[in-house]
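Shown next, in structure tokens, is the structure this report addresses.
The values are calculated or read from the model by the stated rules, or taken from the named source; none is laboratory data. Bear in mind that the values here come from a model prediction, so they are computed numbers and not experimental data. Cβ placement follows ideal geometry from the backbone for every residue including glycine, while neighbour counts extend to all protein chains displayed.
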């Protein structure tokens, strides 16, 4: 069962984050065989402003334990922790993607659905998938998938990782996207992001 975990840093927590970096990496080493993607979202200065992990775990309880027992979370680095079930639409990990982005940049996209949009999403699913599979876009999508309720029955949004020339290109990717244009999202956040782990 796959889960998306997004943790946004508390303002002023950068020093504490740096102190705990090795503890964070050691904790993540315990989940290496279950990891689908990981890495920090970045602020305007290139410093981390949050942590994203996608991994395969037995159930929602295990996913929440993973999120809240993590050293940054336990030490108050995070202002917000989001845990959602996720489905790997492309069936790969970030390590299946070329490691060197060249001059391109990478982005984390989180689309948060308005409540009660599961039926409307079903109506637009075919158009959404066709839009994503267009060769003009598909080549820049590292991973993508829906955010779901714990039982998988309710659609709560989308999460994806992109590789694009710049932020404007990443935002432009969503012009005409059926879910976005159809008003399904209460918010669509596009954040600079990089592959995580020890460098």
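When you check residue 58 against the structure, is it modelled with pLDDT of 95 or more and more than 18 Å from the chain's Cα centre (by Cα), yes or no?
On the way: modelled with pLDDT of 95 or more: yes; more than 18 Å from the chain's Cα centre (by Cα): yes.
So residue 58 passes the test.
Report those helices (runs of 4 or more DSSP H) wholly inside the range 118-189 carrying at least 3 residues which are closer than 19 Å to residue 86 by Cβ and in contact with a helix residue (DSSP H, G or I) (Cβ under 9 Å, 6 or more places away or on another chain). Even if it seems obvious, please write down each step before you answer.
On the way: elements: 118-133, 135-138, 167-172, 178-181.
So the answer is 118-133.
Give the range 81-93 a look and list any residue that's touching a residue at least 12 places away in the same chain (Cβ under 8 Å) and part of a loop (DSSP other than H, G, I, E, B), or say none. Even if it seems obvious, please write down each step before you answer.
If we filter the range 81-93 for residues that are touching a residue at least 12 places away in the same chain (Cβ under 8 Å), which is where we start, we get 81-90, 92-93.
Passing the criteria: 87, 88, 89, 90, 92, 93.
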